[in-house]
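Here the structure is laid out as structure tokens; the discussion comes afterwards.
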Amino acid sequence: MKAAKTPVLWTTGAPGSGKSTIAWGLYTRIVEAGGNVAYVDIDQLGLIGPPPGGGDAAHAIKAANLLRVLEILRRRGAEQLVVSGVVDLEIGVEPSFEGRDFDLTLVRLTCDRDELRSRFLGRGSPAAALPALEEVADAYDRTGFGEKTDTTGQSPEKTVEDLFRRCVVEDGPVLPPSAVEPQPGPVTVVTGPTAVGKSTAAWSVLRDFWQRETPVAYVDLAQFGFVSPGPDPAVEAANLAAVWRGHREAGARRLLVVAREFLPEHRKAFEDVTVVHLDADAETLTERVRRRAEGESALLAGDELRGAPPGVRDRVAARAITEAARARSSRGDSVVLDTSGQEPAETAAALLAAVRQ
């Protein structure tokens, strides 16, 4: 029988502490064990700016959107929810969960400072940011939020295994989400095959709007679909609509969405939407897969390319080429931009022009 409250295990800590790595490891471990589980990176729920979305408002926006998403996942039947990300170091996260149908376990990952600095630099973060890292780590130590878990000298796999024993691993029934109430726009969805450069171009467009003081929100649709059993486009659409509603309440006037595919189920989230599809030839896609594998993009949960060996790169490149060919035969009403041979700045400029039309 399902517990009265759905368990939520949330990993937090300073940058480099391993919160995303451990949470993703937990999610995949529960999936492999056959559990009904979902994973959410809270940092993906607050990509809105400039103010009112930036600064001190960011934690409140993320927390409100997280509760919206967790409620959708709870009603779907998730037996275990896994969350990763920073917490508000002034008030923590427990107040947000009071009186709700969740049983929260907040795990604060720590390690000694030498190892923290090594991990931080090892993931590609700049040495110039080390003083800021120290400040955040000090703040986490002062607050004492959550259950302290020291991972000094410990492999991620060992930490995952230790926390896995505290998770609920049950299959349970999966229920469809409630009908989505279509949200108003303007909404632009950027689609395209794997590694074509969707996120890079869309993020550049987002920064341009922010520099012009236009409140715009950004969503990577893939980050809304970490559910098992899955995939489930209907729950992705429900999460998408819920988060956009939260961003609109926070003052956003436009939404940019990045998605490999934008399915009919996803369209139900919006009253109207403009789809811009990025295309590229086989040579360009193969080269961009190589760049992704070598780290020329932000590291996100579920990234199959970062650090991938040549054999994996080749398989992903072949898949991307197939995806591109399939999309050319079913473009529908999409605006198509051929990015073959372009540098990222050229693609971003073309996308910005398309979004402004």
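The values are calculated or read from the model by the stated rules, or taken from the named source; none is laboratory data. These numbers come from a predicted model, not from an experiment. Glycine gets a Cβ as well: all are built from the backbone with ideal geometry, and neighbour counts include every protein chain shown.
Among the residues making up the stretch 107-137, those that are surrounded by fewer than 12 Cβ atoms within 10 Å (Cβ to Cβ) and either closer than 17 Å to Gly25 by Cα or more than 24 Å from the chain's Cα centre (by Cα) (or both) are Asp114, Ala127, Ala128, Pro131, Glu135.
Among the residues of the stretch 139-156, is there at least one that is aliphatic (A, V, I, L, M) and in contact with a strand residue (DSSP E or B) (Cβ under 9 Å, 6 or more places away or on another chain)? No; the residues of the stretch 139-156 include none that is aliphatic (A, V, I, L, M) and in contact with a strand residue (DSSP E or B) (Cβ under 9 Å, 6 or more places away or on another chain). Picking from residues in the stretch 195-229 that are touching a helix residue (DSSP H, G or I) at 6+ places or on another chain (Cβ under 9 Å), small (Gly, Ala, Ser) and outside any strand (DSSP E or B), the one that is nearest to Gly172 (Cα to Cα) is Gly225. A search for C-beta distances below 8 Å between a residue of the stretch 91-117 that is closer than 19 Å to Thr159 by Cα and touching a residue at least 24 places away in the same chain (Cβ under 8 Å) and any residue that is assigned to a helix (DSSP H, G or I) and acidic (Asp, Glu), counting only pairs 6+ apart in sequence or on different chains, returns Leu104/Glu94; Leu106/Glu94; Thr110/Asp141; Arg113/Glu134.
Test Arg313 against the stated conditions and say whether it is outside the structural domain of Ser84 (by TED's automatic domain parsing), buried (at least 18 other Cβ atoms within 10 Å of the Cβ), in a helix (DSSP H, G or I) and without any contact (Cβ under 8 Å) to a residue 40 or more places away in the chain. In short, yes. Restricting attention to the stretch 1-19 and to residues that are surrounded by fewer than 20 Cβ atoms within 10 Å (Cβ to Cβ) and in contact (Cβ under 8 Å) with a residue 60 or more places away in the chain, the residue that is nearest to Arg123 (Cα to Cα) turns out to be Pro15.
Every condition in (1) touching a Gly at 6+ places or on another chain (Cβ under 8 Å); (2) crowded, with 18+ Cβ neighbours inside 10 Å holds for Ala237 except the one numbered (1). For the stretch 2-14, the condition of being assigned to a loop (DSSP other than H, G, I, E, B), outside the structural domain of Ala222 (by TED's automatic domain parsing), of a type in the set (Val, Ile, Thr) and in contact with a Phe, Trp or Tyr (Cβ under 8 Å, 6 or more places away or on another chain) holds for none of the residues. Within the stretch 1-13, the set of residues being in contact with a strand residue (DSSP E or B) (Cβ under 8 Å, 6 or more places away or on another chain) and either at pLDDT 95 or above or charged (D, E, K, R) (or both) comprises Lys5, Thr6, Pro7, Val8, Leu9, Trp10, Thr11, Thr12, Gly13.
In the stretch 288-310, what residues are surrounded by 14 or more Cβ atoms within 10 Å (Cβ to Cβ) and either farther than 22 Å from Ser125 by Cα or of a type in the set (Lys, Arg) (or both)? Within the stretch 288-310, Arg288, Arg290, Arg291, Arg292, Arg306 qualify.
Here is a yes/no grid of residues against (1) of a type in the set (Gly, Ala, Ser); (2) at pLDDT below 95:
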{"residue": "Tyr27", "(1), (2)": "no, no"}
{"residue": "Asn65", "(1), (2)": "no, no"}
{"residue": "Ala78", "(1), (2)": "yes, no"}
{"residue": "Glu90", "(1), (2)": "no, yes"}
{"residue": "Gly99", "(1), (2)": "yes, yes"}
{"residue": "Asp103", "(1), (2)": "no, no"}
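On the stretch given as the stretch 65-79, residues that are over 17 Å from Pro173 (Cβ atoms) and buried (at least 19 other Cβ atoms within 10 Å of the Cβ) total 4.
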